[in-house]
Structures are given as C-alpha cells and as structure tokens.
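The values are calculated or read from the model by the stated rules, or taken from the named source; none is laboratory data. As the structure is a computational prediction, the values presented were derived from the model and not from experiment. Cβ sites come from the backbone with ideal geometry, for glycine too, and all protein chains shown count toward neighbours.
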Ligand SMILES: Cc1cc2nc3c(=O)[nH]c(=O)nc-3n(C[C@H](O)[C@H](O)[C@H](O)COP(=O)(O)O)c2cc1C
C-alpha cells in the first residue's frame, strides 16, 4: 500500500501543475486568438500593420439581424460562431438553400465597417464560412465603398491540403480578388472561382488540383452575399447606418 503513496502524490502534483498552467495560459491564448482575428480582418481590407489595436479602433462593429435584415444592438462579447451552434440563437438552413453547407446560420452576425467623418461607408469586412473538401473554411471578405467591388479575402481556419486547397492562403491567389465584382446587373451574386485563369471581372483564378475547395469558396460567396446572407443588408447599408 505504502508503495502506492509516492506515485499517487506525484500524479496529484502533476495534475495540479497541468491544470494551473492550462488555466494561467488560457487568458493569453484568448488574447492571441482575438489579436489574430483582428489581423485577418485588417488584412482582408488590405491593411497590414503592426499597430493592430490602433488600426482596429478605426473600425465600427455593427450587427446584422438576418431575420429582419436590419442592424441591431448586441453586447460586444457576442460570439456569432458560438451562436451558430445554439438552437436559440440560430436557425436551421433548409437543405435547398444550404449551398455553403453550414447547417445552421446564426440569427445575428457582425460586420466590420470603416466610416468617414461624415458617416459615409469607406469599406466593410464580412465574416464568411463554408465547406471545402475536408472541412469548413472560415474567413473574411472585404468590399469597397460601393459594396460591390472586392478589396480582399482572408481565411483564418481551414482543413484543406497544403499545396492544393490550402492555396487559398497563397498571396498570389488572394491578389486576384482585388477589384473583382460581386453582383451582376440583375442583382444576383455573379462572382465565382473559375477552373482556369480568370478573364472577367466576375471570375477568380482557379486553383489547379483543388476544384472541390474552390467550388466551396464559390458557394460560400454565393450564400453569404446572397439573399439569405448579408445581401439584403448590403443593398441598404447606407440608410441603415443613418438610423443607428
Ligand atoms: C491527398 C489528397 C488531398 C487532396 N486535397 C484536396 C484539396 O485540399 N482540395 C481539393 O479541391 N482537392 C483536393 N484533392 C483532389 C480532389 O480529390 C479532386 O481530385 C480535385 O479537387 C479535382 O480538382 P481538379 O479538377 O482541379 O484536378 C486531394 C486529393 C488527394 C489525393
């Protein structure tokens, strides 16, 4: 029996050390995660800086209610991705509409807006997500002041294969997005990732060997910029901002 006391005490001591360390680094981990999110939002809008908090303080975070397509107020700690798995804070996406394969859509989502001194929209960043080949890609899409011209795209989490679908992180591929158009003349989302090199303002270069990932990218753009995503709010954002 006595032989067990020392190993048991050692186990308890190790467990305590691991728990204390895990708790003490959690705060830093959350801070790093928050900082990484800000870096990606800024990068999507074409801003690369080491003064992340300073640049981020120029952005207004607004919240879109997808049920009413209006801007609403919500506490700053709101986490739309957590909300998307909470049945009280999200809705099931009908299969026929779920082209991005997200299953549930949060009822309220943030948008990040740069406003001029006279409250005119300079640019915005929208969170987007959708299924690729191996899992969900999470990212941000930025639009210029006309809310129809792309400024940039950034993914911060995905499971696609490095060198194939993982090329969504390649700066050369991302640079093809700048200046492309979202909406066709009939108001529908016209932007898509083509198989070969892009040749129109609605086409993004394909990634060879990664058609399934790029189909996922096309589908998430169509979903989030379409009528079931940010589309209706984007088309009325100038007016909505005047009312807040
Ligand atoms: C190990 C492995 C990893 C792959 N990873 C990806 C990927 O991340 N994204 C993707 O679209 N296709 C990936 N593929 C290829 C797909 O299975 C499919 O062949 C491809 O998407 C077709 O694209 P293509 O028409 O451009 O050749 C992978 C294939 C293998 C064998």
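Can you work out which of the residues in the range 198-229 that are assigned to a loop (DSSP other than H, G, I, E, B) and either under 19 Å from residue 109 (Cβ atoms) or in contact with a helix residue (DSSP H, G or I) (Cβ under 7 Å, 6 or more places away or on another chain) (or both) is farthest from the ligand (Cβ to nearest atom)?
227
Out of 28, 34, report the one residue that is at pLDDT below 95, assigned to a helix (DSSP H, G or I) and under 18 Å from the mean Cα position of the chain (by Cα).
After ruling out the rest, the residue left standing is 34.
I'm trying to understand the selection: among the residues of the range 176-189, which are under 12 Å from residue 225 (Cα atoms) and surrounded by 19 or more Cβ atoms within 10 Å (Cβ to Cβ)?
Of everything in the range 176-189, those that are under 12 Å from residue 225 (Cα atoms) and surrounded by 19 or more Cβ atoms within 10 Å (Cβ to Cβ) turn out to be 182, 183, 189.
Write out, first by first residue and then by second, each pair whose Cβ atoms fall under 8 Å of each other, whose residues are 6+ apart or on separate chains, and whose first residue, in the range 39-54, is at positive phi while the second is assigned to a loop (DSSP other than H, G, I, E, B).
Close Cβ pairs (under 8 Å, with a partner that is assigned to a loop (DSSP other than H, G, I, E, B)) amount to 46/178.
Taking the condition of being within 16 Å of the ligand (Cβ to nearest atom), in a loop (DSSP other than H, G, I, E, B) and farther than 20 Å from residue 106 by Cβ, how many residues in the range 133-175 meet it?
Adding up the residues that qualify gives 9.
Does the range 99-120 contain any residue that is free of Cβ contacts under 8 Å to residues at least 60 places away in the same chain, part of a loop (DSSP other than H, G, I, E, B) and surrounded by 13 or more Cβ atoms within 10 Å (Cβ to Cβ)?
Yes, that holds for at least one residue.
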